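J.: One structure, as structure tokens, below. Some questions next.
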Amino acid sequence: MIQMVNLTRYYASLAAVQDLSLTVESGELFGFLGPNGAGKTTTIRMIVGLLRPSAGTVTVAGHDVQQEPLAVKRAIGYLAQTPLLYDKLTGREFLRFLGGLYSLSDERIEARAEYLLTMMELSDKADQLIESYSGGMRHKIGLCGALLHDPPVLVLDEPLAGLDPHSARRVKDLLRDLCRQGRTVFLSTHVLEVAERVCDRVGILDQGRLVAVGTMEALRAQAQTTAEVTLEDLFLQLTAGEQAAEMVSLLA
Amino acid sequence: MVWKILRPHYWILDRKVRNTNRYVVLALVVLLGFGGQWVFDKLIRDSFVILGSDQAVTAIASSLPFALSLLLVFAMLGVGDMMHQLYLSSDLELLMIAPIPRRTIFFVKLLQCSRATFIPALAIGAFLLALGLARGATLSYYLLIVLLILAAMLLTTVVVMTLVILLARLLPAQKTRSWMPVVLLLATSIVILGQQSATEWFLGQTALIGLLTEALLNPAQLGLLVAGLGGLALVTSLVAYQAFSTSFHEGWNRFRSVPTRAAPQAQTARWQLAKALLPRLLPQPLRGLIVKEWVGLRRDPRGLVNLAQPLVLVIMVLALFMGGGEVTEALRPLIFWIMLIFLAMFLSVLPTGLPLMSLAQEGRNLALLRSAPISMSDVLKGKFWAAWVPLVMAWILVFLITGMMLRFPWWQIAFLAGLTIWGLTGGSVVTMAIGGLKIDFGVEELGRRTPTLPSYIMMGLNLTFVLVTTASFLWLLIQLLPDSRLVLAIQPLAGYTPVSWLLSDELWVPLILVGSQVLFWIGARALWIAAVHRLEGWE
């Protein structure tokens, strides 16, 4: 459903993403991990067509992002790390506006908005201006926006950031449900526990390079460790290795 | 400590100066050099002569209302600036959590707020310098006026600071901030209206003004004035510090907390109404984009200020001509021309208001539009129509009201409306195109998203287009109604070259006017396409 081939992006001479090749299958929930500045957001922005790759290609739902950007955008629901919202609109008006951008009929917009607002427990706040929403509520309305047109592919940059445990659980369940229904979810997260428990596969990016990809079992096998080893251990081993070990020993 | 806190601002300024294009600096220096020479020759040289003569007191009395209203306008604008410096500047949170004494924060904020008084202080300083030079004042005069200006700056800053601190403490902070531009617009209109009566009053006070002028030139009396004003400024500073100590923190909290507020019922209903009224034929996403812009406009007082600008024209024209009587009747043919001049002035700046702002306001949210399956051409078109329609409607409404009150014939109203429609269309297209090319959507602060040089280019292009368009419309008017009172009224000005061109029957005049329009629209189209291309690739 999402295919990246030799994807590369430079900022001046700095390589933010290098030679990234990865395929995410239909119905899969893929977790994208990496330390700060590893290139996760750059990759996501290239998938949704906000950044032009310096080299390589991205294909979403069979459409090349550069060649057929509108077809790709129709297929994707995107949630940015900091949700992109209009403070002077109410939550409901924001969803109506987004529905218009995706050319949904008025009836469909109303039905989907009502369903999503109820699911995210935002119904009673739907007619309040977004400027008065808390951080978590802003994230939830952003997620409603990403899901509004019922896209086959969801690309979510830190979807659980700022959510309370109750809402986070609700979102995790929702994402799993969507995958069961055949939709594809590509999410980046810093919460390794989420990746470990929810994702079908994870990919670990470090300094712009994909250093590991696979199921938890495959990663453990790759690192030649036992079943007790957590994703956190693997992550540290793969991304910060000696530095992290040194830091742990110093702190101890 | 104060220097340590302000040092990053110096670094930022220093970096900005170093990074400025040297050719731009050179052009500015040349411009300032020639401009300064022109200003000196045309304005200052004569002023020296007047200030040194018996006419000085009358000249000061007659120019005082204008100078005072200018100061008042600056003071009112300063309220907004100080509100920003006090409560919304990016360094405030750091200052509040750092172990810094409260008086240090007060002093830092005092220095930051005082920048709002720089321009008026420069103007007053220039006047006092000219007065001293014209009257051959001693060295002590110049030293004392520096102190006098510093004391006045301090006094003004602490008075406005105290006012702002109390406003933020007592009134709903967000609403105060939102509605401040509206209050300023109304206050400015009142100041403009009050000029005439203020001039009459000041002309009756020449004895007092003469006495004050002499006192300024007497070192002993000037010294006393400086001591008095300085003392008053210090006492007021203590009062301001007390207000700061007791009320600042609470006001800051109120500014930071955003009240939970629902969209008023009427506005929710209006959304439905707008949807129903907008032609169903208007395709998505254009419809959605326009409705979004209008709802935002309705809820943002800054947008309403832009729409309310025509009111200033109404107030000015009605104040000048609603008196009635023989004089008004005799001036009737000129009212149209005066309105035309005002309109041309407004038209040259209007596109940099609502149309440009609607694009700049998008900021980082442009990424949301870019991730949606719509073309950036649709986004630009949506924003154009969303800004153009209310602006044109507001102005046509103004012409209808003022035209009817001043008993204009319908064709004069149609002329002004036509000029507005054409002028706003061209101005908005070219402004939004340059905005689309040059706005930095990643910048947090709205006011800094449009770089300075492109802003000047926009204003220059708008002015040129408005001049060409006005000339084209006038040429048509002169050709169609050569014997009307309007055209006859400008016959005495036939000696002026531009008027003589318009009145002449030469063929090259319409050719140049049409050619200029064609060139402008070809350029505007090229800029528009380039803007769409840039937005499509914006990262």
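The values are calculated or read from the model by the stated rules, or taken from the named source; none is laboratory data. Quick caveat: nothing in here was measured; it's all calculated off a predicted structure. Virtual Cβ from ideal backbone geometry, glycine too; neighbours counted across all protein chains shown. Accessible surface is based on the protein model in full, side chains and every heavy atom, while ligands, DNA and RNA are left aside. Shrake-Rupley method; radii C 1.70, N 1.55, O 1.52, S 1.80 Å.
J.: For a quick check of your reading of the model, give me the residue pairs whose first member lies in the stretch B:50-64 and is in contact (Cβ under 8 Å) with a residue 60 or more places away in the chain, whose second is of a type in the set (S, T, N, Q), with beta-carbon atoms closer than 7 Å and at least 6 apart or on different chains.
T.: Qualifying pairs under 7 Å: B:ALA56/B:THR213; B:VAL57/B:THR206; B:VAL57/B:THR213; B:THR58/B:THR206; B:ILE60/B:THR213; B:ALA61/B:GLN205; B:ALA61/B:THR206; B:SER62/B:THR199.
J.: Looking only at the stretch B:159-175, decide whether some residue is outside any helix (DSSP H, G or I), under 17 Å from B:SER247 (Cβ atoms) and open to solvent by 70 Å² or more (accessible area, probe 1.4 Å).
T.: Among the residues of the stretch B:159-175, at least one is outside any helix (DSSP H, G or I), under 17 Å from B:SER247 (Cβ atoms) and open to solvent by 70 Å² or more (accessible area, probe 1.4 Å), which makes the answer yes.
Let's see how each residue does on (1) in contact (Cβ under 8 Å) with a residue 60 or more places away in the chain; (2) more than 19 Å from B:PRO283 (Cα to Cα); (3) over 26 Å from the mean Cα position of the chain (by Cα); (4) part of a helix (DSSP H, G or I):
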{"site": "B:LEU340", "(1), (2), (3), (4)": "yes, yes, no, yes"}
{"site": "B:LEU343", "(1), (2), (3), (4)": "yes, yes, no, yes"}
{"site": "B:VAL349", "(1), (2), (3), (4)": "yes, yes, no, yes"}
{"site": "B:SER377", "(1), (2), (3), (4)": "yes, no, yes, yes"}
{"site": "B:LEU380", "(1), (2), (3), (4)": "yes, no, no, yes"}
{"site": "B:LYS383", "(1), (2), (3), (4)": "yes, no, no, yes"}
{"site": "B:ILE396", "(1), (2), (3), (4)": "no, yes, no, yes"}
{"site": "B:ILE401", "(1), (2), (3), (4)": "yes, yes, no, yes"}
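J.: Looking at A:ARG45 and the list (1) within 10 Å of chain B (Cβ to nearest Cβ); (2) open to solvent by less than 40 Å² (accessible area, probe 1.4 Å), which single condition is not satisfied?
T.: With respect to (1) within 10 Å of chain B (Cβ to nearest Cβ); (2) open to solvent by less than 40 Å² (accessible area, probe 1.4 Å), A:ARG45 is out only on (2).
J.: Let me ask something additional. Whether any residue in the stretch B:418-437 is closer than 30 Å to A:VAL155 by Cβ and surrounded by fewer than 19 Cβ atoms within 10 Å (Cβ to Cβ) is what I want to check. Steps first, please.
T.: Our first condition is that a residue be closer than 30 Å to A:VAL155 by Cβ; within the stretch B:418-437, this holds for B:435-437.
Next cut, surrounded by fewer than 19 Cβ atoms within 10 Å (Cβ to Cβ) only: B:437.
Checking the stretch B:418-437: at least one residue is closer than 30 Å to A:VAL155 by Cβ and surrounded by fewer than 19 Cβ atoms within 10 Å (Cβ to Cβ).
J.: Additional query: Being surrounded by fewer than 19 Cβ atoms within 10 Å (Cβ to Cβ), touching a helix residue (DSSP H, G or I) at 6+ places or on another chain (Cβ under 7 Å) and touching a residue at least 24 places away in the same chain (Cβ under 8 Å) is the filter here, so list the residues in the stretch B:442-454 that pass it.
T.: Across the stretch B:442-454, the qualifying residues are B:GLY442, B:LEU446, B:LEU453.
J.: Tell me, which helices (runs of 4 or more DSSP H) wholly within the stretch A:28-136 include 2 or more residues that are among the hydroxyl-bearing types (Ser, Thr, Tyr)?
T.: A:40-47, A:106-119
J.: List every residue pair whose Cβ atoms lie under 8 Å apart, where the two residues are 6 or more positions apart in sequence or sit on different chains, the first residue falls within the stretch A:78-91 and is facing chain B (nearest Cβ under 7 Å), and the second residue, located anywhere, is open to solvent by 50 Å² or more (accessible area, probe 1.4 Å) and in a helix (DSSP H, G or I).
T.: Sorted first by the residue in the stretch A:78-91, then by its partner, the pairs are A:LEU84/B:ARG364.
J.: Sticking with this one: Could you tell me whether the stretch B:401-422 includes any residue that is among the basic types (Lys, Arg) and under 30 Å from B:LEU368 (Cβ atoms)?
T.: Restricting attention to the stretch B:401-422, the residues satisfying the condition of being among the basic types (Lys, Arg) are B:407.
From what's left, under 30 Å from B:LEU368 (Cβ atoms): none.
No, the conditions are met nowhere in the stretch B:401-422.
J.: Then there's this: Residue pairs, Cβ under 6 Å, 6 or more apart or interchain, first in the stretch B:457-475 and over 13 Å from B:GLY427 (Cβ atoms), second open to solvent by 20 Å² or more (accessible area, probe 1.4 Å) and at pLDDT below 90. List them.
T.: B:LEU474/B:LEU502; B:TRP475/B:LEU502
J.: Check off (1) within 14 Å of chain A (Cβ to nearest Cβ); (2) open to solvent by less than 20 Å² (accessible area, probe 1.4 Å); (3) not aliphatic (A, V, I, L, M) for B:PHE384 and give me the number that stays unchecked.
T.: With respect to (1) within 14 Å of chain A (Cβ to nearest Cβ); (2) open to solvent by less than 20 Å² (accessible area, probe 1.4 Å); (3) not aliphatic (A, V, I, L, M), B:PHE384 is out only on (1).
J.: Counting only residues that are among the β-branched types (Val, Ile, Thr) and part of a helix (DSSP H, G or I), which one in the stretch B:486-517 is farthest from B:PHE473 (Cα to Cα)?
T.: Filtering the stretch B:486-517 for residues that are among the β-branched types (Val, Ile, Thr) and part of a helix (DSSP H, G or I), the one farthest from B:PHE473 (Cα to Cα) comes out as B:THR497.
J.: Across the stretch A:119-141, what is the total count of residues that are surrounded by fewer than 23 Cβ atoms within 10 Å (Cβ to Cβ), of a type outside the set (A, V, I, L, M, F, W, C) and within 28 Å of A:PHE30 (Cβ to Cβ)?
T.: Matching residues across the stretch A:119-141 total 4.
J.: Separate question: Go through the stretch A:69-86 and give me each residue that's hydrophobic (A, V, I, L, M, F, W, C) and open to solvent by less than 30 Å² (accessible area, probe 1.4 Å). First the steps, then the outcome.
T.: Going through the stretch A:69-86, the residues hydrophobic (A, V, I, L, M, F, W, C) turn out to be A:70-72, A:75-76, A:79-80, A:84-85.
Of everything in the stretch A:69-86, those that are hydrophobic (A, V, I, L, M, F, W, C) and open to solvent by less than 30 Å² (accessible area, probe 1.4 Å) turn out to be A:ALA71, A:VAL72, A:ALA75, A:ILE76, A:LEU79, A:ALA80, A:LEU84, A:LEU85.
J.: Moving to a separate point now. Evaluate the following for A:ASP150: is it within 11 Å of chain B (Cβ to nearest Cβ), open to solvent by 40 Å² or more (accessible area, probe 1.4 Å) and acidic (Asp, Glu)?
T.: No: the conditions fail for A:ASP150.
J.: While we're here: With the condition being buried (at least 17 other Cβ atoms within 10 Å of the Cβ) and under 29 Å from the mean Cα position of the chain (by Cα), I'd like the helices (runs of 4 or more DSSP H) fully within the stretch B:1-117 carrying at least 3 qualifying residues.
T.: The qualifying helices (runs of 4 or more DSSP H) are B:56-83, B:102-113.
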